[in-house]
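Please read the structure below before turning to the comments.
The values are calculated or read from the model by the stated rules, or taken from the named source; none is laboratory data. Bear in mind the structure is a predicted one, so any value in this text is a computation, not a measurement. Counting neighbours? That spans all protein chains shown, and the Cβs are built from the backbone with ideal geometry, glycine included.
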Amino acid sequence: MQNDRPDLRRGIDWARLRAAAAQQHFNQMLAERRVTWRSLASAMAGAVLVGVLALWLWIYWGLPRVPDAEALWSLNRQQSVRFIDREGRELGVRGPYYGQRARLADLPDHVPQAFLAIEDRRFYQHEGVDRMAVLRAILANLRAGETVQGGSTITQQLARNLFLTPSQTINRKLREMVLASRIERRLTKDEILELYLNRVYLGDQAYGVDAAARRFFGKPASELTLAEAAMLAGLPKAPSRSAPTENLERATERQHLVLDAMVEAGFITPEQRDAARAERIRVVERPATERSMGYAFDLAVEQARAAVGQQTPDLVIQMTIDRDIQQAAAGAIRRRLGNRAFGRRPLQASAIAVDRQGAIVALVGGTDYNASKFNRVTQARRQPGSTFKTFVYTAAFEAGLDSEDVRYDEPIVIDNWRPRNYDEGYRGAVTLRTAFALSINTVAAAVAAEIGPRRVADTARRLGISSMPERNQFVPPSIALGSIETTLWDMTSAFAVFMNDGRRIDPHIVQRVTNSAGQELYVRPPYEGPRVLDQSIVERMNSMMGAVVLRGTGTGARLGERQVAGKTGTSSDWRDAWFVGYSADFTGGVWVGHDDFTSMGRTTGGTIPAQIWADMMREAHEGVEQHELPGYDQPIRSPQQVEMASFFDDLANAFSESPIQDLGDAIQEIFQ
């Protein structure tokens, strides 16, 4: 049994050895622990350094450089275009609205004071970050349990607007403070305040006090009253919800807070505050200009960008458009088309008017830009019908023919083409003057064949019709009756040659381009077009086209005693109706038709188009002295012509169900 027990002494010795080993290991651990504390201290110091470096990178990495004041003016501006007319009156805005540069010296004192009172009273004391305001905001937020104050200075708000996103993060706030300090070192206090007042967002796409003043109150910032300035100063906190065009009641509540703050800051007296509160604020309605002006705006942007490039973020385009003529043209289209402009297949119309310098004073590309942005002045290619006969007879006169030369109105075949007259009848021997006045198709076709269709095409191209066949291309004989499609833009430009005594014009809609800071980027240079017609030809065509308006198919375009010349046109099956005409001061063109090329049902150029033209041109000539068209006087009629006129009177009554005029008398008067 004794041999089966463990040896107690040996066990004690073993335990002592283990204890000694443990002690030795413990002592070693203690020794090693002293080394670990030193390493840990070093590691902690390194970690702190890394953390500081990481924090620095977190805040400063990618932080933009602050440029000078002029560069800051256009920094990160969105694409914006403001349109003004030739008198400087605003026509409309596309994109964000920046207004004109509002300089601090030009503003009433109460404008900057209103913003300082509510946003940053200690603006002129701090260096970009107001630590007292930050502390107040922290305490207020802790008491409220939510964010009720931001503590951002005007400089911080400017830094956020120019460089950062509006996201509510600690990183953005720290970066905002750094940038604010840099801005303070870069700019003076007045420069910072001025820049802020021009870039702060105030709702309804208005950036800056001038834009907001014009959009909400219809006046520049330099004319703001105390009440209006206080209302604007209350908007930055929630511009979209507080804009007076959206919620006037909320805007008024904010205005009262600003006025109280101005009293507390010592900017105004309580009496001034009470008077401002009692002032009735008149908020102007934003005009819906795109419906009638959209086509003109599109063309203006296109021409302006071609002149100044695509890089300028904000443009102020001074257009050649005359607001009153533009409104008259758009109104005439709506009024003359009436209910036909609506429905499953709406009737469309377009109009353009230019002056002797080629400045476009009115351009309407359709009945409603919001419904269709297709510009029927510049983009729609349509058959001009009899309007094109103007170039046939111009080419004929250049080839040596005379207006009193006689040709025969009779059935004719030209290369298997059989032109027919509108009334399906024939008149026999007629002068070219009579054939033009009555728009006789057979004579026009015969004259074109006589002088050659190529000559007609070359004449039309020389005057401005760009769609004519090239020199090596076939010209069909049907060109005489306007079978080759063209645009209203080209037709009006070509007719303007007669107004301009034989010289081409260069139609343009942009007179001057600046940016919103007032820096001039482009000015339309003087232009004198080349002579493309001899004066003698111009005078003969003035007389011929004058007869059309005086007593022919274009009587609907008469403007009282003012000398007006022009030509009507109707394409086959009444798909297109035109009137293009001119005085000594303006040329205008009108087209009417369906976009799908279907028939309008006996609508001719002498009806709706001539009426729209007259409505537009009557406004254009308002207050304009009457000027004569060279060669406009009509020749004296002969006895043979009187007899011919009587015959045409009987013919007209026979073929017309509802004659609009005694045609025999009309033909007699053509020669008076």
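Of note:
Table: residues versus (1) assigned by TED's automatic domain parsing to the domain that holds Asp501; (2) touching a His at 6+ places or on another chain (Cβ under 9 Å); (3) without any contact (Cβ under 8 Å) to a residue 60 or more places away in the chain; (4) assigned to a strand (DSSP E or B).
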{"site": "Arg540", "(1), (2), (3), (4)": "no, no, no, no"}
{"site": "Ala547", "(1), (2), (3), (4)": "no, no, no, no"}
{"site": "Leu550", "(1), (2), (3), (4)": "no, no, no, no"}
{"site": "Thr553", "(1), (2), (3), (4)": "no, no, no, no"}
{"site": "Gly556", "(1), (2), (3), (4)": "no, no, yes, no"}
{"site": "Gly566", "(1), (2), (3), (4)": "no, no, no, yes"}
{"site": "Thr587", "(1), (2), (3), (4)": "yes, no, no, yes"}
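- Here Glu625 clears all of (1) touching a residue at least 12 places away in the same chain (Cβ under 8 Å); (2) of a type outside the set (Gly, Ala, Ser); (3) part of a loop (DSSP other than H, G, I, E, B) except the condition numbered (1).
- Some residue of region 379-388 being in contact with a Ser or Thr (Cβ under 8 Å, 6 or more places away or on another chain), part of a loop (DSSP other than H, G, I, E, B) and within 18 Å of Leu438 (Cα to Cα): yes
- Within region 67-104, the residues that satisfy the criterion of being among the aliphatic types (A, V, I, L, M), surrounded by fewer than 19 Cβ atoms within 10 Å (Cβ to Cβ) and at pLDDT below 80 are Ala69, Ala71, Leu75.
- Flag for Glu561 being over 22 Å from Leu337 (Cβ atoms) and assigned to a loop (DSSP other than H, G, I, E, B): yes
- Restricted to region 161-178, and to residues there that are among the aliphatic types (A, V, I, L, M) and at pLDDT 75 or above, the residue that is farthest from Asp210 (Cα to Cα) is Met177.
- Residue match in region 143-160 (condition: in a loop (DSSP other than H, G, I, E, B), modelled with pLDDT of 85 or more and either touching a Gly at 6+ places or on another chain (Cβ under 6 Å) or farther than 24 Å from Gln272 by Cβ (or both)): yes
- Some residue of region 279-288 being surrounded by fewer than 18 Cβ atoms within 10 Å (Cβ to Cβ), in a helix (DSSP H, G or I), out of contact with any strand residue (DSSP E or B) (no Cβ under 8 Å at 6 or more places or on another chain) and not charged (D, E, K, R): no
- Answer from Phe297, Phe374 - the residue that is in contact (Cβ under 8 Å) with a residue 60 or more places away in the chain, surrounded by fewer than 16 Cβ atoms within 10 Å (Cβ to Cβ) and assigned by TED's automatic domain parsing to the domain that holds Met617: Phe374
- For region 300-345, the tally of residues that are hydrophobic (A, V, I, L, M, F, W, C), more than 19 Å from Arg94 (Cα to Cα) and assigned to a helix (DSSP H, G or I) stands at 8.
- Of the residues making up region 246-269, just one is of a type outside the set (Phe, Trp, Tyr), outside any helix (DSSP H, G or I), buried (at least 16 other Cβ atoms within 10 Å of the Cβ) and in contact with a helix residue (DSSP H, G or I) (Cβ under 6 Å, 6 or more places away or on another chain), namely Ile268.
- For Ala238, the conditions (1) surrounded by fewer than 20 Cβ atoms within 10 Å (Cβ to Cβ); (2) touching a Leu at 6+ places or on another chain (Cβ under 6 Å) all hold with the exception of (2).
- Within region 481-516, the set of residues being under 16 Å from Val456 (Cα atoms), in contact with a strand residue (DSSP E or B) (Cβ under 8 Å, 6 or more places away or on another chain) and of a type in the set (Gly, Ala, Ser) comprises just one member, Gly482.
- Unique residue being closer than 30 Å to Pro313 by Cβ and surrounded by fewer than 20 Cβ atoms within 10 Å (Cβ to Cβ) when the list is Arg524, Arg558, Arg575: Arg524
- Which listed residue, of Thr394, Thr459, Thr442, is farther than 30 Å from Gln318 by Cβ, in contact (Cβ under 8 Å) with a residue 60 or more places away in the chain, buried (at least 24 other Cβ atoms within 10 Å of the Cβ) and touching an Asp or Glu at 6+ places or on another chain (Cβ under 8 Å): Thr459
- Residue list for region 521-572, filter: among the basic types (Lys, Arg) and touching a strand residue (DSSP E or B) at 6+ places or on another chain (Cβ under 7 Å): Arg524, Arg531, Lys567
- Those residues of region 397-414 which are over 19 Å from Ala460 (Cα atoms) and free of Cβ contacts under 8 Å to residues at least 12 places away in the same chain, in sequence order: Val413
- Options Val283, Val308: the member that is in contact (Cβ under 8 Å) with a residue 40 or more places away in the chain, within 23 Å of Ala233 (Cβ to Cβ) and not assigned by TED's automatic domain parsing to the domain that holds Pro220: Val283
- The set of residues in region 400-418 being assigned to a loop (DSSP other than H, G, I, E, B) and either closer than 17 Å to Glu539 by Cβ or charged (D, E, K, R) (or both) consists of Gly400, Leu401, Asp402, Ser403, Glu404, Asp405, Glu410, Asp415, Arg418.
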